[in-house]
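Bear in mind these aren't lab numbers, they're just calculated from the coordinates by the rules spelled out. Everything numeric here is computed off the predicted structure, so don't read it as measured data. Note that each Cβ is placed from the backbone with ideal geometry, even for glycine, and that neighbours are counted across all protein chains shown.
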Amino acid sequence: MKRTLYWVTKDLRIADNAALQLASQSNELICVYIIDKKWFQINKFQSKPLGEKRWQFLQASLNDLNQSLSTLEQKLYIVYGDTLSTLGSLCEQFKITDLITTKVPGTDENSLLSKLHTLNPELTINQVDQFTLFTENALPFEINNLPASYSKFRKVMSSIAIQQPSSAVKALPCMFQATPSVTLYQLEPSQASTIGRPEQGHIFKGGEQQGLKHLKQYFASENPSVYKEVRNSLDGWENSTKLSPWINYGCLSVRQVMQHIKHYEQTVESNKSTESLYLELLWRDYFQWVHFKVDAKMYQFKGLVGSAPLTTFYPERFKKWCLGKTPYPLVNACMNELRHSGYLSNRGRQIVASCLVNELSVDWRYGAAWFEEQLIDYDAAINWGNWQYIAGVGVDPRGGRHFNIKKQTNTHDLNGDYQAKWLDKSSNTAYLDQILDSVDASDWPISSDSATISSAVNALTTSSFSRNNVK
Ligand SMILES: Cc1cc2nc3c(=O)[nH]c(=O)nc-3n(C[C@H](O)[C@H](O)[C@H](O)COP(=O)(O)OP(=O)(O)OC[C@H]3O[C@@H](n4cnc5c(N)ncnc54)[C@H](O)[C@@H]3O)c2cc1C
């Protein structure tokens, strides 16, 4: 008798979901998503793990999954609380024999599962390998021998076949007959709305159905044929796929995206741009495997290379960067877009990350944590991996990247259209001529309790940068 708890995490979909397929072979099943209360608490880098925009996207995605499960006579139990104790008490209450979840990299997730196993030695824990293009078994090397650079990884993987996605689960076992003893969280249906700034062309809507719709639309257009030429633009909805939020919550699997690339290549055109799309997905895979390999080093100041960058924490500089009030207009425009929409182009992310590290000399981890709070498409491995790369402590064989802001402005925003869209022209812009540090860093009033940059930024943001000011 298999009594299974399917712990849903970054796999908010029915189609191509090997974890749900496995769960479908049980006798009785409960599907659980845990909203961990830690996600809303300020961390040591002055930011929250989950910001408002991604929270909205997540709620819409959970609503969508719940609706899909209800067509299979199941439901999603959404619980608010501490993840370990919630899983522990559900396993105990329902005498769970099997726990199924998707295998994701991350120190918290993995230490949590090993603690759960210690508490319940009888419990069978199945971590399903489906978060990446390739499964670990398909890698032609042990994780500990992961190639040290992306280009080497790419070469090694070029001959390895990618598994086809599977179709949606057709039937699921019945639910348990008792109500869980934990507190269930009620999602507000109104959260299933558009996130970002629709008037600026941001149209992210959470959930598998919306993700599939967007995937089909992108590959029904001619955009994949020119992706390589336009992907570095600072602006433009169609200049990159915008699939990242759906991929990262698992509303879409990365293999479904790959299948669409292949289909486009077979039916429309195969060129450098379509190849480039695959290579970006491969970058995503590479960072996931790096994270699996290095674990906690992903979040350490010295990074993978183990040498400390010449940066520190300057609270005032960091706050100005978060608020888009640095002496660099292009950086400010990017930071405003990020704060107001939850999205920023890859080039924008590179420019602002380089600015924080190289121009402002701020510890890169504060920037990574700010991105974690703000981004609608946050992914631990990709975010911290890219930040390490730019800070020169990651997988970059060249030892870090310094983007020349003037040159980037001339190349990507010569006419100033992007800056005009996102800079706050109506309020005082005197900060552009100011020196970075108005007070000595040691005098800056900052407390270690909850009155942190994050809450200060939220307060300042609403007062000094009304949403309507964005042109
Ligand atoms: C400092 C910094 C932080 C970043 N943080 C994140 C993050 O938290 N989450 C995230 O998904 N991406 C992150 N990226 C990578 C990249 O900026 C986004 O994936 C991309 O902008 C998302 O838009 P898109 O889906 O239109 O990308 P596209 O250009 O259409 O690319 C297709 C897919 O390829 C993958 N991809 C693209 N660029 C990269 C990259 N540089 N590294 C790894 N995978 C990539 C993503 O899955 C993306 O959805 C970060 C980049 C930088 C420089």
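Among the DSSP beta bridges whose two residues both lie in the chain, what percent are antiparallel, rounded to the nearest 5?
Working: 2 of 25 bridges.
Approximately 10 percent, going by the DSSP bridge assignments.
Could you calculate the FRET efficiency of residue 266 with residue 203 from 1/(1 + (r/R0)^6), where r is the beta carbon distance between them and R0 is 25 Å, rounded to 0.05? Don't jump to the answer; show the numbers that get you there.
Numbers: r = 28 Å, r/R0 = 1.13.
Efficiency at R0 = 25 Å is approximately 0.35.
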Straight-line reach check, residue 170, cutoff 24 Å on alpha carbons, 8 or more apart in-chain or any other chain, hits among lysines -> 2, 10, 75, 103, 213, 216
Expressed in angstrom and rounded, the centroid-to-centroid distance over alpha carbons for region 42-80 and region 85-132 is 19
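Which of the peptides 302-314, 149-161 is most tightly packed, and how do the rest follow, judged by the mean count of other Cβ atoms within 10 Å per residue?
Working: 302-314: 15.2, 149-161: 13.2.
In descending order of packing, they fall as 302-314, 149-161.
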With the chain reduced to its Cα atoms and the Debye formula applied, log10 I(q)/I(0) at q = 0.06, 0.09, 0.11 1/Å amounts to -0.27, -0.62, -0.95
Cα pairs beyond 25 Å in region 38-163, in percent, come to 47
Hits in region 372-412: amide N under 13 Å from the 7 Å Cα→Cβ extension of residue 300, namely 394
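Given 0.36 nm per residue, what is the gain on full extension from residue 117 to residue 188 after removing their alpha carbon distance, in nm?
22.2 nm
Taking 0.36 nm per intervening residue step and subtracting the Cα-Cα distance, what contour gain separates residue 174 from residue 410 on full extension? Walk me through the intermediate numbers first.
Values: separation 236, 0.36 × 236 = 84.96 nm, distance 6.05 nm.
Length gained, residue 174 through residue 410: 78.9 nm.
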Of all chymotrypsin sites (Phe, Trp or Tyr not before Pro) in region 46-149, the ones in DSSP coil with at most 12 other Cβ atoms within 10 Å are 141
Excluding residues fewer than 8 positions from residue 155 in its own chain, the lysines with Cα under 22 Å of it are 228, 262, 272, 293
Residue 44 and residue 151 label points (each 7 Å along its Cα→Cβ direction) are spaced in nm at 3.6
Percent of all alpha-carbon pairs of region 57-124 at distances over 19 Å, whole number, is 46
With a ≥ b ≥ c from the Cα gyration tensor eigenvalues, square-rooted, and the rule rounded for a/c under 1.5, otherwise prolate when a/b > b/c and oblate otherwise, region 48-90 is oblate
